[in-house]
Amino acid sequence: MYIIHTKDASEALPYIQEGRVVAFPTGTSYGLAADALQGHALQRLCNLKKRPQEKTFTIFLDPSLYDKYLDMREDEKRFLVRYASTALTLLVQPKESLMHAAQDGLIGLRVIDHSMMAQLAELAHVPLTATSANISGEEACYDAACIEKSFPGRVGTTYDLSLAAILDGGTLRPGLVSTIAKLENGKVKIIRQGALVLHSDTAGS
């Protein structure tokens, strides 16, 4: 099946609902979105990325759904407001419906920092994966040509392993990955320093 290129998130939405995988732009590099509630979609994503089954995926979702799928403390909610629209992944506790995607009881919540990412999250209205658009261990992609090279179509299989669509945000500026952090005892613990510069100090109010 040929990859569909579109700038309209509504054209990519049916593929998400079918359990397929869609590439989308973030504020850092391109990512791969699949419905995090569909087990077969996560399996397809693992196969597509050649990713070990035991590795979990970060997720993103419309902020209106935070309370439905995440058990966040008030300080975590304030922190997300403070760093809205930045390249941040915050480790938080999921509710039971997302616990299958957690590691050590926590899940990586990727902050939405691109308009197309926001549109896809709003339309899908479910948690979506936010893993980078690359074969596991390879370099990230910053344009559609790189994504097509990394994920060539596989036609004629009974279980379609091809990438369904690219939500094309043009060429992104190559840069750092998102910063991964969690809040502990009122302080920021940096797991991975990335594009967003954080300091291991008080989380702020």
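What follows draws every value from the coordinates through simple rules; no lab data is involved. Remember, it's a predicted structure, so these values are computed and weren't measured experimentally. Heads up, the Cβs are rebuilt from the backbone with ideal geometry, glycines too, and the neighbour counts pull from every protein chain shown.
Given the -39500 (n - 2.57) contribution per DSSP H run of 4+ residues, what per-residue ellipticity at 222 nm results for the chain, rounded to the nearest 500 deg cm²/dmol?
Working: 6 runs with 50 residues, N = 205.
About -6500 deg cm²/dmol.
Gaussian network model of the chain, Cα springs within a sub-10 Å range: biggest mean-square fluctuation belongs to which of Glu54, Glu139, Glu18?
Glu54
Which ³J(HN,Hα) values in Hz, rounded to whole numbers, follow from the phi angles of the range 96-112 under the Karplus curve 6.51 cos²θ - 1.76 cosθ + 1.60, where θ = phi - 60° and Gly and Pro get x?
Each residue's phi maps through the Karplus curve to give 4, 5, 10, 5, 5, 9, 8, 10, 6, x, 10, 10, x, 9, 7, 5, 6 Hz.
Mind pulling up the Rg/Rh value for the chain? Radius of gyration and Kirkwood radius, both on Cα. Write out the running numbers ahead of the final one.
Values: Rg = 16.3 Å, Rh = 17.1 Å.
Checking Rg against Rh, the ratio lands at 0.95.
Could you work out Rg/(2.2 N^0.38 Å) for the range 20-104, with Rg from alpha carbons only?
Ratio of Rg to 2.2 N^0.38 Å for the range 20-104: 1.14.
Highest GNM mean-square fluctuation, the chain, Cα pairs closer than 10 Å: which of Leu161, Leu120, Leu32?
Leu161
Which chymotrypsin sites (Phe, Trp or Tyr not before Pro) does the range 2-80 hold that lie in a coil by DSSP with at most 14 other beta carbons within 10 Å?
Here the sparse-neighbourhood loop sites are Tyr2.
Could you give the length gained by full extension between Ala84 and His5, i.e. 0.36 nm per residue of separation minus their alpha carbon distance, to one decimal place?
The span from Ala84 to His5 would gain 25.6 nm if fully extended.
Under the rule of at least 5 residues apart or a separate chain, name every residue whose amide H is placed under 5 Å from the amide H of His5.
For His5, whose amide H was placed from the backbone, the distant partners under 5 Å are Ile166.
Count the DSSP beta bridges whose two residues both fall in the chain, then state the antiparallel fraction as a percent rounded to the nearest 5.
70 percent
Checking the table Lys7/Lys55; Lys7/Lys189; Lys7/Lys95; Lys7/Lys49 against a 27 Å threshold on Cα-Cα, which pairs fail?
In this structure, Lys7/Lys55; Lys7/Lys189; Lys7/Lys95 lie more than 27 Å apart at Cα.
Whole-Hz Karplus ³J(HN,Hα) for the range 142-150, in order, using 6.51 cos²θ - 1.76 cosθ + 1.60 and θ = phi - 60°, x for Gly and Pro?
10, 7, 5, 4, 5, 5, 5, 5, 6
Mind giving me the nanometre distance, one decimal, between the label points for Val197 and Asp104, set 7 Å out from Cα along Cα→Cβ?
2.7 nm
Where in the chain lies the longest segment free of trypsin sites (Lys or Arg not before Pro) that are both loop residues by DSSP (not H, G, I, E, B) and have at most 16 other Cβ atoms within 10 Å? Don't skip to the end; give the middle numbers.
Values: sites that count: Lys7, Lys50, Lys55, Arg73, Lys95, Arg154.
With trypsin sites (Lys or Arg not before Pro) excluded where exposed in loops, the chain gives 96-153 as its longest stretch.
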